[in-house]
Amino acid sequence: MSMKKILLLGLEKNTNLGDGVIADCTRYLTEKITKECGIVCQIDSLDMMEDAYDSIPDYDVLIFVGGGIIKYKYQEFYEYIDKITEIADAHNIPVLFNAVGVEGYDASNPKCMQLKKAINRSCVKSITVRDDYDTLRDCYMENPAIVTKKVADPTVWTGTVFRKSKKDSDVIGLGVIREGIFESNGIDIEREKIFALWSGIITQLEKEGKKWKIFTNGWSSDMKFARNLMKYMGREEEIDKMVIKVPEKNEELVETISNFQGVIAGRLHANIISYSLGIPSVGIVWNDKCRLWGETISYPERFFATDAFDAEKIVKQCLQAIAQGYEKTDRDAFANTVYVSLKEALVKALTAAD
């Protein structure tokens with residue numbers, strides 16, 4: 001087999017570093033697969049939103065690294081996926097979607113239909129999904145030649161990729177998220193209730209004698225909420241002490257989370273990174289992907305939707321999770337699902353391209 005060129009397509013320039021960790025983990029898996037199979041290759045990366053697609057015809061395989069990209073309600077991933085698969089189709093380049101998130105379907109929405117057309121092109125060989133597999137299979141898929149499976153999010157490999165594990169700690173990490181995220185996802189909730197929830201969580205943690213610190217995944221809007229939350233509580237003078245600075249690199253986010261005993265977080269990948277490091281987490285649900293993650297790992301009770309927002313119950317669940325750990329899940333076996341599926345699809349695609 002001659003040297004192959006693989007292009008990884010992700011959201012590496014997104015300041016939400018969860019997307020960067022996804023890309024790092026998928027690169028690690030791709031390198032692991034090609035090395036173990038004796039495949040000589042060059043692996044490059046491109047942010048899928050750059051529109052710099054002139055080099056795509058030079059590659060043997062394209063891999064969408066993961067993340068919630070099968071969506072159309074907000075963010076224009078459907079347009080980028082359409083452009084990329086159109087180019088790949090014209091040049092007979094196999095395309096693999098690795099552990100992507102599926103967020104809704106609407107047959108009357110032209111954006112959704114554009115996305116559906118794009119992922120059913122003949123160049124697409126495999127689509128693995130981290131969450132709503134039923135919607136992918138029952139609504140989106142029309143091309144029977146495309147292999148589909150449900151697998152783990154690649155970020156469950158974080159501990160291995162970054163060589164990190166949980167540390168001895170008595171601090172609870174509070175991963176806050178921008179207040180407008182609920183509105184963006186069609187959830188009607190007064191913003192004051194969001195501030196009241198987090199304020200209540202902090203008050204309850206302090207009643208329990210627990211230490212806490214606020215962190216973010218990198219978004220400036222998340223940090224804005226963190227600062228506004230401290231002001232809401234009348235504790236503005238404690239911002240520098242209690243709010244961890246915005247991480248600028250993927251490694252910083254992983255290092256931050258590794259320093260917690262437990263986590264209560266809004267961002268999905270703050271929860272998944274915690275899981276990978278063996279740190280119990282409780283999720284604040286603003287999107288089905290958060291709820292589905294809880295179901296996937298057999299701990300749905302640890303994820304709270306808006307109709308169940310109750311600071312006392314959330315803190316109680318967090319402390320219970322810390323005591324229990326992840327006893328219901330075989331984390332190694334779960335992590336292996338994304339590796340095995342990617343290996344099968346990539347080897348098949350590279351062999352066909354030879």
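Were the residues from residue 35 through residue 13 laid out at 0.36 nm apart, the gain over their Cα-Cα distance would be 5.2 nm. Computed from Cα positions, the angle between helix 110-119 and the longest principal axis of the chain comes to roughly 60 degrees.
Net charge within 15 Å of residue 111 by Cβ-Cβ distance, Lys/Arg positive one each and Asp/Glu negative one each, not counting residue 111 itself?
Charge balance near residue 111 sits at 0.
Given 0.36 nm per residue, what is the gain on full extension from residue 183 to residue 142 after removing their alpha carbon distance, in nm?
Values: separation 41, 0.36 × 41 = 14.76 nm, distance 3.18 nm.
Computed gain between residue 183 and residue 142 is 11.6 nm.
A 1.4 Å probe run over the chain, with the rest of the protein chains in place, finds 42 Å² accessible per residue. For the range 267-354, GluC sites (Glu not before Pro) meeting the loop criterion (DSSP other than H, G, I, E, B) and having at most 16 other Cβ atoms within 10 Å: 327. Roughly what angle does helix 311-324 make with the longest principal axis of the chain, taking Cα atoms, 0 to 90 degrees, to the nearest 10? The angle comes out at about 70 degrees.
Can you classify the range 255-333 as rounded, prolate or oblate using the Cα gyration tensor, where a ≥ b ≥ c are the square roots of its eigenvalues, rounded means a/c under 1.5, and otherwise it's prolate if a/b beats b/c and oblate if not?
Numbers: a/c = 1.40, a/b = 1.26, b/c = 1.11.
Rounded, since a/c falls under 1.5.
Note on the chain: helix-only mean residue ellipticity at 222 nm, from DSSP H runs of 4+ residues weighted -39500 (n - 2.57) and normalised by residue number, equals -13000 deg cm²/dmol.
Taking every protein chain into account, the 1.4 Å probe leaves residue 36 with about 100 Å² of accessible area, to the nearest ten.
Per 0.36 nm of contour for each residue apart, how much would the distance between residue 42 and residue 113 grow if the chain were fully extended, relative to their Cα-Cα spacing? Once the chain is fully extended between residue 42 and residue 113, it gains 22.2 nm.
Hey, of (i) 1.30; (ii) 1.67; (iii) 1.00, which did the structure itself give for Cα Rg over 2.2 N^0.38 Å when calculated? Here Cα Rg over 2.2 N^0.38 Å agrees with entry (iii). Between the alpha-carbon centres of the range 260-296 and the range 193-244 there is a gap of 18 Å.
Give the relative contact order (percent, whole number) for the chain; include only Cα pairs under 8 Å separated by 6+ residues. Show your work: numbers first, answer last.
Values: 677 pairs, mean separation 62.4, N = 354.
Contact order relative to length: 18 percent.
For the chain, the longest principal axis of the Cα atoms and the long axis of helix 220-232 meet at an angle of about 10 degrees.
The values are calculated or read from the model by the stated rules, or taken from the named source; none is laboratory data. The structure presented is a predicted model; accordingly, all values stated were derived computationally and were not measured. Note that we place each Cβ from the backbone using ideal geometry, even for glycine, and neighbour counts take in every protein chain shown. Side chains included, ligands, DNA and RNA excluded: accessible areas come from the protein's heavy atoms. Shrake-Rupley method; radii C 1.70, N 1.55, O 1.52, S 1.80 Å.
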